[in-house]
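Notes to accompany the following structure.
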Amino acid sequence: MRCDPVALGRLLAGVVLAGAAASWSACLPTPLPDDDEAYVPPAPAPACHGDNDGTITAAELPVVTGVVARYRIGADVAVDVDGSVDDEGVVVWDLSRPDPQGEPVASLAAEPMAGQWFADLFPQAGLAAPLSADSAQLGPLVIDDDGWRLLGAASSNANPAEGLTRVVYDQPTTLYPLPLSEGATARSTSRADDALLLGVPTSFVDETTVTVVRRGRVILPDLVLYNTLQVTVRLRRTLVAGDVQQVSHHFVHECLGEVARFVSPAAPLSQPLDDDFAVAQEVWRLSL
Amino acid sequence: MSSHGRALLVMVFTAALSSSTAMGRTGMGDPVQPWRDKEPDEWLVLDGHLRLRSALTSHLDLDRPVGVAGAGSTALWAAGQGALDLTYGHDLRLRLAPSFFIGDLARVVVEVDLLDNVALGARPRFTPFRDTTGLVAAAPFAAQPSLGDVATLRTAYGEVLLPIGVLSAGRMPSHFGMGLAANDGADVDDDLGDRADRVAFAMPVLGHVVAAAFDLGASGPRASGAARAAGLGPAPRLPSVAEQSLSLALLRFHAPWELDMLTHARTPEGGRTVVDYGVALSVEWQDDDVPGYWVAFDDALGADPAAVVRRGYRAGLADGWLRVATRRLRLEAELVGAAFTIDNASPLAGVTLRTPVTGLPWGGVVTVQGRPLQDEDLLLLHGELGVASSDPAPGLPLPSPQALSTAQPGDVFGSQLDGPRDTRQDAFRLHPLHRIDLILWRTLLGGVSEAAYARAHAVVAPAQDTFRGLRLEGNVVYSHALDAASAPGGASPLGVELDGAVVVPYDAFSLRLDAGWLLPLGGLGARPVGTQTPVAPTPATMILVRLAYAL
């Protein structure tokens, strides 16, 4: 083959240009995959050093805004509220069945009060925690060494399509009397005047009884938890017209917070509603 | 056994499982040097050094953003000042390493760091001001407040030469082969370095050394509040909580001076090809753990059964090393791999993670050194290939396992685990003290991990007749991520680094000047989102000056 200086020059120039192009492309990072979820800067995990002693102090129940917990939310699920007792006398709640893999996931996180549309209504609140699995309603909370106290409720959005919720209690409702241990209990009566429930004006009185009824082992699909406390919350709500009651069992573990929840169907106050209901309207299970 | 036999035994044994003297950055050193150097009636041999370092860096953060999508939440380096993004730092280390010889058969080795990498200028006089504030301008003097804040006992062990072998016990350096898995950090330019609380025995067998060692990696809290006074004998602890390991090594090894003697033409035995090799096998286990103890060393947890979690940790490690040396050529390679399982990786008492964590990390290095010129000391050429296995999770593995999730694409470092969705940790990190460069792996990323590299290195000693020891070094390294999706920038090419160094020894003093320039490639950039235009990371520069005064 005859050597053609011009062709050779072109070839060399092409190689150099191709190399330069390859080098330049090697200098550049590649875009994030399209299916990546929106970036959420990871919140620093709360510093918590539990002692697994069956008593949960305020230090063992830290709340940090922005830390996301994932729950599988099941509807109309058969539950064993009392659990079973193993050979060593330990109460065991096996929540690994039925497999919750197909249940929808709720990613829940406490939010700071600053910037919330309802912040001025609850000047004492330190943060707002989700009250429902879809985070459509938030509960402003006061958290200190004595407990978690709910100041009311509010829609997370100032103009929700389903109608605004705005509830301001005259007295806080105690959710967790701290330290939490078997036998701990709290009763609260909180009145809400000029309230809005999903856009409907109303007033009502909430009588809430919170009791730590048992401790035992909770078996979740991803975790086994020892010395978890079962906190039973009975809510009796008397409205201007009508009333309603509901029982929920919250399984609370030190450092992890609420790891599971059974929520009973709502019923009028005139009907009996046992603590050990057989079918839960909603079951929450912590999912890693 | 003759004294020479004992010395040889000590030499090869310590090479197999530990080393306590200065050594090169690759290859085993001469651990028996203190035995050889001491005079017949000498009972104390002092080793150690005073080291001062200064570093100046420019754009070492590569101008990566922080806290935005595609860039992760952790800065690669501190933000600097000015257009050059400058940072600087100085530190000081005084290391004392005396060997106490007790007769001809035993010695006790101690290594203490005083002023262990203390930042120069850290404590001007009158500071800290405690309850008030003040000015340090014109502070006349700087000093540490007390020795209690500045002394670190690195090593304290004894060894005795028995008729059939050598018995060693105590806190001792741990090193094998090229130092990919265990590296004692004995070089004057090293920091940290591995130590093991160990009992070891080694014996010569057919020209080899067979060594066995038992290590106690983590003993946990005291088992209970015993009624008797503290300090009388070992405190009781729970055997199941201890992280323990048992190692066996088979080794054939020649010290550097022996290697030189055997391969070099100037010696009577010159011209030989020397083949050294070794294999080490190690198993490690921990049945239970008291994770709360490691937070603040609270011994009260040792009396609390509720603080114990079932760990179920089992690991096996195999490490093979080979060196073939002739007069002008040296080939050296090491391959290390581990398999492990952790039945319950929970860091919290009272919590069990139901899915075990497993992994199969591995890594290896092959290096070739040649002396092509007639004057063999004038030029040393060195080529090296290395690899450390990868894991598909975003980012490089965290230096310590303090998180079980939260890594996101774009993170430089991240947990390689993600709850039950990803329970494998297959990423390997070559030991940070196996240094191949100045900036990328040594300073920024803490050791080669999830990547392969190719390195060319040359050492020129231009004036051996007039200034022995003076040398100039040049180094070029290309690094490539094994898994593009796992790399911070989502691309495999990580960077090209050019380094140069000058080493000027003068009697017991030496000066080393390093300068490096890193051209970071796409794998180190911040990942763009959607239609954002990709931005190449900024090249980084570093200068490091080290002064050392050997004792």
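The values are calculated or read from the model by the stated rules, or taken from the named source; none is laboratory data. Here the structure is a predicted model, which is why all the values come from computation and not from measurement. Please note: Cβ atoms are built from the backbone with ideal geometry, for glycine as well, and neighbour counts cover all protein chains shown.
Among the residues of region B:76-86, some residue qualifies, meaning at least one is under 23 Å from the mean Cα position of the chain (by Cα), within 14 Å of another protein chain (Cβ to nearest Cβ) and at pLDDT 60 or above.
Among the residues in region A:191-202, are any part of a strand (DSSP E or B), at positive phi and surrounded by fewer than 19 Cβ atoms within 10 Å (Cβ to Cβ)?
Let us first name the residues in region A:191-202 that are part of a strand (DSSP E or B), namely A:191-197, A:200-202.
Those left that are additionally at positive phi: A:194.
Within this subset, residues satisfying the condition of being surrounded by fewer than 19 Cβ atoms within 10 Å (Cβ to Cβ) are A:194.
Checking region A:191-202: at least one residue is part of a strand (DSSP E or B), at positive phi and surrounded by fewer than 19 Cβ atoms within 10 Å (Cβ to Cβ).
Condition check: away from chain A (no Cβ under 14 Å), closer than 26 Å to B:GLY193 by Cα, touching a residue at least 40 places away in the same chain (Cβ under 8 Å) and of a type in the set (D, E, K, R). Does B:ARG546 satisfy that? Before you say what the answer is, go through the steps one by one.
Details: away from chain A (no Cβ under 14 Å): yes; closer than 26 Å to B:GLY193 by Cα: yes; touching a residue at least 40 places away in the same chain (Cβ under 8 Å): yes; of a type in the set (D, E, K, R): yes.
For B:ARG546, the condition - away from chain A (no Cβ under 14 Å), closer than 26 Å to B:GLY193 by Cα, touching a residue at least 40 places away in the same chain (Cβ under 8 Å) and of a type in the set (D, E, K, R) - is met.
In the set (1) surrounded by 15 or more Cβ atoms within 10 Å (Cβ to Cβ); (2) in a strand (DSSP E or B); (3) in contact with a Gly (Cβ under 8 Å, 6 or more places away or on another chain), B:GLY302 fails one condition alone, (2).
Condition test on A:SER84, is it free of Cβ contacts under 8 Å to residues at least 12 places away in the same chain and either out of contact with any Pro (no Cβ under 7 Å at 6 or more places or on another chain) or under 18 Å from A:HIS249 (Cβ atoms) (or both)? Steps first, answer last, please.
Working: free of Cβ contacts under 8 Å to residues at least 12 places away in the same chain: yes; either out of contact with any Pro (no Cβ under 7 Å at 6 or more places or on another chain) or under 18 Å from A:HIS249 (Cβ atoms) (or both): yes.
So A:SER84 fits the description; yes.
Run down B:GLY395, B:GLY414, B:GLY419, B:GLY410 and say which single residue is within 14 Å of chain A (Cβ to nearest Cβ) and either of a type in the set (A, V, I, L, M, F, W, C) or touching a Lys or Arg at 6+ places or on another chain (Cβ under 6 Å) (or both). Can you show your working first?
On the way: B:GLY395 fails: either of a type in the set (A, V, I, L, M, F, W, C) or touching a Lys or Arg at 6+ places or on another chain (Cβ under 6 Å) (or both); B:GLY414 fails: either of a type in the set (A, V, I, L, M, F, W, C) or touching a Lys or Arg at 6+ places or on another chain (Cβ under 6 Å) (or both); B:GLY419 fails: either of a type in the set (A, V, I, L, M, F, W, C) or touching a Lys or Arg at 6+ places or on another chain (Cβ under 6 Å) (or both).
Result of the check over B:GLY395, B:GLY414, B:GLY419, B:GLY410: B:GLY410.
Filtered by the rule that a residue be among the aliphatic types (A, V, I, L, M) and assigned to a loop (DSSP other than H, G, I, E, B), region B:526-551 gives B:ALA526, B:VAL529, B:VAL535, B:ALA536, B:LEU551.
For B:TRP441, the conditions (1) in a helix (DSSP H, G or I); (2) under 30 Å from A:PRO221 (Cβ atoms) all hold with the exception of (2).
Within region A:200-227, the residues that satisfy the criterion of being within 14 Å of another protein chain (Cβ to nearest Cβ), of a type outside the set (Gly, Ala, Ser) and touching a residue at least 60 places away in the same chain (Cβ under 8 Å) are A:ARG215, A:ARG217, A:VAL218, A:ILE219, A:LEU220, A:PRO221, A:ASP222, A:LEU223, A:TYR226, A:ASN227. Checking each residue in region B:350-392 for being touching a residue at least 24 places away in the same chain (Cβ under 8 Å) and polar (S, T, N, Q) picks out B:THR352, B:THR355, B:THR358, B:THR367, B:GLN369, B:SER389, B:SER390.
Filtered by the rule that a residue be surrounded by 16 or more Cβ atoms within 10 Å (Cβ to Cβ) and at pLDDT below 90, region A:66-88 gives A:VAL67, A:ALA69. Scan region A:151-175 for residues that are in contact (Cβ under 8 Å) with a residue 40 or more places away in the chain and not in a loop (DSSP other than H, G, I, E, B) and the total you get is 4. Exactly one residue out of B:GLY233, B:GLY270, B:GLY225 is modelled with pLDDT under 85 and on the phi > 0 side of the Ramachandran plot, and it is B:GLY233.
In the list A:ASP170, A:ASP206, which residue meets the criterion of being among the acidic types (Asp, Glu) and closer than 16 Å to A:THR232 by Cα? Spell out how you get there, then give the answer.
Numbers: A:ASP170 fails: closer than 16 Å to A:THR232 by Cα.
A:ASP206 is the lone residue from the list that is among the acidic types (Asp, Glu) and closer than 16 Å to A:THR232 by Cα.
Residue-level check: of (1) within 23 Å of the chain's Cα centre (by Cα); (2) within 14 Å of chain A (Cβ to nearest Cβ), B:ALA485 misses just (1). Sub-6 Å Cβ pairs linking a first residue in region B:338-349 that is within 14 Å of chain A (Cβ to nearest Cβ) to a second residue that is of a type in the set (Val, Ile, Thr) and surrounded by 17 or more Cβ atoms within 10 Å (Cβ to Cβ), at least 6 apart or interchain, are B:ASN344/B:THR352; B:ALA345/B:VAL357; B:SER346/B:VAL309; B:SER346/B:THR352; B:ALA349/B:VAL309, ordered by first then second residue. The single condition among (1) farther than 19 Å from B:PRO65 by Cβ; (2) among the polar types (S, T, N, Q); (3) facing chain A (nearest Cβ under 9 Å) that B:GLN532 does not meet is (1).
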